[in-house]
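The values are calculated or read from the model by the stated rules, or taken from the named source; none is laboratory data. Since the structure is predicted, the reported quantities are computational estimates derived from the model, not experimental observations. Methodologically, a virtual Cβ is constructed for each residue, glycine included, from the backbone with ideal geometry; neighbour enumeration extends over all protein chains shown. All accessible areas refer to the heavy atoms of the entire protein, side chains included, with ligands and DNA or RNA removed. Shrake-Rupley method; radii C 1.70, N 1.55, O 1.52, S 1.80 Å.
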Amino acid sequence: MNIPSKYNPAETEDKWYKFWMENRLFRSEPDQRKPYTIVIPPPNVTGVLHMGHMLNNTIQDILIRRARMLGMNALWVPGTDHASIATEARVVAKLKSEGIEKMNLTRKEFLKHAWDWTHKHGGIILEQLKKLGASCDWERTKFTMDDDMSESVIKVFVDLYKKGLIYRGVRMVNWDPQAQTAVSDEEVIYREVKSKLYYVKYKIEGEQGFVTIATTRPETILGDTAVCVNPNDERYKSLKGKKVFVPMVNRLVPIIEDDYVDMEFGTGCLKITPAHDVNDYEIGIRHNLESIDIFNDNGTMSEKAQLFVGIDRFKARELSVKKLDEEGLLAKVEDYVNKIGYSERTDAVIEPKLSMQWFLKMKEISKPALDNVMNDNISLIPSKFKNTYKHWMENVKDWCLSRQLWWGHRIPAYYIGESNDFVVAENFEEALKLAQEKTGKNLKENDLRQDEDVLDTWFSSWLWPVSVFDGIRNPKNKDIQYYYPTSDLITAPEILFFWVARMIIAGYEYMGDKPFKNVYLTGLVRDGKRRKMSKSLGNSPDPIELIKKYSADGVRVGMLLCSPAGNDLLFDESLPEQGRNFANKIWNAFRLVKSWKTDAAAAQPDHSLQAITWFYEKLKQGITEVENCFNQYRISDTLMLVYKLFWDDFSSFYLEIVKPEQGKPVDKATYKATIDIFENMLKLLHPFMPFITEEIWHLLKERSEKESIMMTKMPAEKLFDSEIISLFDNATEIIGFIRNTRAENKIPNKEKFDLSINASGYKNNFDAVISRLGNLSSVTMIDHKPEGVVTYINKTGEFYLSLGDLVNHEEEIKKLETELAYTRGFLESVMKKLNNGRFVSNAPAKVVEVEQNKKMDAENKIRAIEERLKILKK
């Protein structure tokens, strides 16, 4: 067999992904096996792969590939999200670059541009995931705007409306002036910023005096309809029932009293702007105040502001400060740090705004979603997120469903004539019928007009685990009955409420059951300075370029080398480089084994038999530990277990022991066992490194044309002999002592010497291995301590190397004296603990026992060193 000296990942990856696809190895249909199901967190349809996707999808693929190899019917459902705000913003920008304004297009014309954009750019990210090795059932790919998915969304809206859970009303919403739409509370990111606190004087009606208030937003003074004080504030008792003039516009407004006012903040006197502050809005309702909306939808000042009309709100702030100062109404200005809300989608500063919107009542519908996470019917991994989840769910607010956009699922509400009277229906025909019944009139098609707004994107993705199996439209179909509830969800903590909690709510509302059993929350991918990776910072590498440079397997390993659940991954290019180096290590080990010639007549050496006996037990232990780690979702730890098992145990020890001398053949039994062990190692590695393992698996033995490692059985858990493993570990200690002695005394490996062992009860299971790797002339048991030897002592006995003239006595004496000084110092530190009565009395018995063992080992070592020094100094 002509095996290339270097592994070629680019060629291998394309070849095997094509093979998997052509043979439909990712395909899943309901059958008699146990299902294992993951639904992909749908990325934006026009998005491209970033480092967060790489981590998230690597973990999903590992779990799916492992489930397949455990004999389960594994299904990973791929798909994309229509991303209303992000996609519409991109289409608007693209049109603008072509000299086309959205406002000059009809809805139908704009949507054609949006669909053209989606068809052109959509799905790129899914193709990129294939480069990573994602084993999704691509025949099941879904898009949230597919006809069947859209029908499910509309069906749910109508159903919730009929249940009285969806309502329409004027409420204070988070307004994004850039996207010109409302966004939900969860889509607002709060940041601390350096602001100014402006102290402004309001003239009291009929008096010479003023009331001073403190505000960070002087431009909103133009919308003030009251000034408020705390009824318990003695400073303002005299103002009760009086009025003040609003600065700049001279509007006369009342001074009111409300417990909400914090007497310690600013002057203890609050301006009330009901249209532009959520707390002022609540006060306005309690005191029946007028609301004056001074902002246009794009964040400029409206006609109702009276001043600065058409000017951007932040420029209007500067002009307001200037005018207040000119009029002598600006008392002082202070530096101030406060939290400002930003749109998660556009990063625009959010404007609280009164607006007619559609809402979903969340309190009652959310209860099962809270209960079933708190009782661990649904597990959050890591569990530290349960408290955050509980706090949010217990304080959940009604969900603002409507978005002032054209791209998305249009709200199925139909208004009758020019009135605000409406009906809600799944389609126009049904709406017309309902409207006729409601009015008693023979209405025509042109008597109805559909709501212009679309639904929040999350209102479609909250149905994802149900709708991808058509569970809303056909709740009894075989797919939903078989695959639901799904098994694991892998996602990021920042969308725990946007998406995860809402999917749980929808699952219980429409399926009466949880949508998934476990939620694995990954950390964020950050750079070495702990900054979140982003294009704007220029600190996020292109994942596809990383794959070209380090291979898909290398990147997958790199992403997992330090990413425990819920903790951030500090990414550095040394990680995928380490992954690539590991792939090269596997390839070189394979080349070594396949380079051996076999001899059917050759006897099996003792060292090979001993190595095989040990490694099979070590492999069984590794399989058990891997299984335990997977069950605890310690996926990064699982990789490290397999990594070390291959690199440290298989390559560094097993292959070194069993490889034949140069030019000589290996016996058939050893070769057969080595191929079997290598195959089992490949199976353990396959979920993490699918490409190289498939390549080597096919080259390792004769395979049929359509066989694949991913369809083989994962090595099963078996009882292992821990004594054999412990005895081999002892043997490696002795080998380490021999190798260190050679290095310290500069003795070439070709020089052989004798090892004598003085130990009662010593088991010589691995003496042949010690002799092989230590290049010894003999290993003998003795019952005395010989003279002129180098000594090593551990808990199993004393080991002596007869070096004769091979050792430099002066250097050996110097080394031993250094070691003696260190060991005496170590013993002294141990004795301080053991002579401390409080430590011995209060420490757990096991801790005290450990210290006593340290004392005994140190004393034995000191005696051995002293004896060795006595011999050398003769």
Next on the checklist: Please list, ordered by chain and number, the residues whose modelled amide H lies under 5 Å from the amide H of T216; skip anything fewer than 5 residues away on the same chain.
Outcome noted: Y198
Checklist entry - Efficiency by 1/(1 + (r/R0)^6): what FRET value for E577 and E326, r their Cβ-Cβ distance, R0 = 51 Å, to the nearest 0.05? => result 0.20
Next on the checklist: Past 24 Å, Cα to Cα: identify those pairs from K683/K718; K155/K438; K196/K339; K752/K815; K142/K361, in the order given.
Outcome noted: K142/K361
Checklist outcome for this item: Carbon/sulfur accessible area of the chain, % of total, 1.4 Å probe, equals 49 percent
Checklist entry - Relative contact order for the chain: what is it in percent, counting Cα pairs under 8 Å that are at least 6 residues apart? => result 12 percent
Item to check | Reported label for calculated Rg and Dmax of the Cα atoms in Å given (1) 30.7, 110; (2) 36.8, 142; (3) 36.7, 122 | outcome: (3)
Checklist entry - Any idea what angle helix 606-631 forms with the longest principal axis of the chain, computed on alpha-carbon atoms, 0 to 90 degrees, nearest 10? => result 20 degrees
Checklist outcome for this item: Once Lys and Arg are counted +1 and Asp and Glu -1 for all other residues with Cβ under 15 Å from that of R24, the total becomes -1
Checklist entry - Using the alpha-carbon centroid of each, what span in Å lies between the range 646-715 and the range 280-339? => result 73 Å
Checklist entry - For M711 and L570 in one chain, what is 0.36 nm times their gap in residues minus the Cα-Cα distance, to one decimal in nm? => result 47.4 nm
Next on the checklist: Residue by residue through the range 166-183, what is 3J(HN,Hα) from phi via Karplus (6.51 cos²θ - 1.76 cosθ + 1.60, θ = phi - 60°)? Round to whole Hz and write x for glycine and proline.
Outcome noted: 10, 9, 10, x, 7, 9, 6, 10, 8, 9, 9, x, 6, 7, 6, 8, 6, 10
Next on the checklist: So, for the chain, what is the accessible surface per residue at a probe of 1.4 Å, expressed in square angstrom?
Outcome noted: 46 Å²
Item to check | Part-to-part distance (alpha-carbon centres) for the range 389-467 and the range 770-807, which is given in Å | outcome: 86 Å
Checklist outcome for this item: Residues meeting the amide H criterion for F143 (H placed from the backbone, H to H distance under 5 Å, 5 or more places apart or on another chain) are T80
Checklist outcome for this item: Any residue on another chain or 5+ positions along whose placed amide H is under 5 Å from the amide H of Y484 is listed here as none
Item to check | Cβ-Cβ FRET estimate between I124 and N420, R0 fixed at 51 Å, reported to 0.05 | outcome: 0.75
Checklist entry - Hey, rough spin-label estimate for S379 and F19, points 7 angstrom out along Cα→Cβ, what's it come to in nanometres? => result 3.4 nm
Checklist entry - Which lysines have a Cα less than 16 Å from the Cα of K444, not counting those fewer than 8 places away in the same chain? => result K433
Checklist entry - Can you list the residues of the range 800-832 with backbone N under 11 Å from a point 7 Å past the Cα of V848, pointing along Cα to Cβ? => result none
Item to check | Phi to ³J(HN,Hα) by Karplus 6.51 cos²θ - 1.76 cosθ + 1.60 over the range 46-58, Hz, x for Gly, Pro | outcome: 9, x, 10, 5, 10, 5, x, 4, 4, 5, 4, 6, 4
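Filter the cross-link list K237/K271; K514/K620; K386/K846; K594/K644 down to pairs whose alpha-carbon distance in this structure exceeds 27 Å. Walk me through the intermediate numbers first.
On the way: K237/K271 17 Å; K514/K620 35 Å; K386/K846 34 Å; K594/K644 22 Å.
Among K237/K271; K514/K620; K386/K846; K594/K644, the Cα-Cα distance tops 27 Å for K514/K620; K386/K846.
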Next on the checklist: Explain nothing, just the number: relative contact order of the range 762-828, from Cα pairs under 8 Å at least 6 residues apart, as a whole percent.
Outcome noted: 18 percent
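Between R863 and E811, what's the calculated FRET efficiency when r is the beta-carbon distance and R0 is 22 Å? Round to 0.05. Can you show the working numbers first?
Values: r = 22 Å, r/R0 = 1.00.
That pair, R863 with E811, gives E of 0.50.
Give, in nm to one decimal, the length gained when the segment between E234 and N395 is fully stretched (0.36 nm per residue of separation minus the Cα-Cα distance). Could the numbers behind the result be given before it?
Numbers: separation 161, 0.36 × 161 = 57.96 nm, distance 3.41 nm.
Once the chain is fully extended between E234 and N395, it gains 54.5 nm.
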Item to check | Only Lys, Arg (+1) and Asp, Glu (-1) charged, at Cβ; the range 1-131 dipole about Cα centre in debye | outcome: 200 debye
Checklist entry - So how tilted is helix 278-287 from the main axis of the chain? Cα-based, degrees 0 to 90, rounded to 10. => result 40 degrees
Item to check | Calculated from backbone phi, Karplus (6.51, -1.76, 1.60) coupling profile of the range 778-783 in Hz, x at Gly/Pro | outcome: 6, 10, 10, 8, 9, 10
Next on the checklist: Using a Cα-Cα cut-off of under 28 Å, which lysines could be cross-linked to K96, ignoring same-chain neighbours fewer than 8 residues away?
Outcome noted: K108, K112, K120, K315, K353, K535
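Rounded to the nearest 500, what is the chain's calculated 222 nm mean residue ellipticity when only DSSP H runs of at least 4 contribute -39500 (n - 2.57) each, over all residues?
Numbers: 28 runs with 362 residues, N = 874.
For the chain, the value works out to -13000 deg cm²/dmol.
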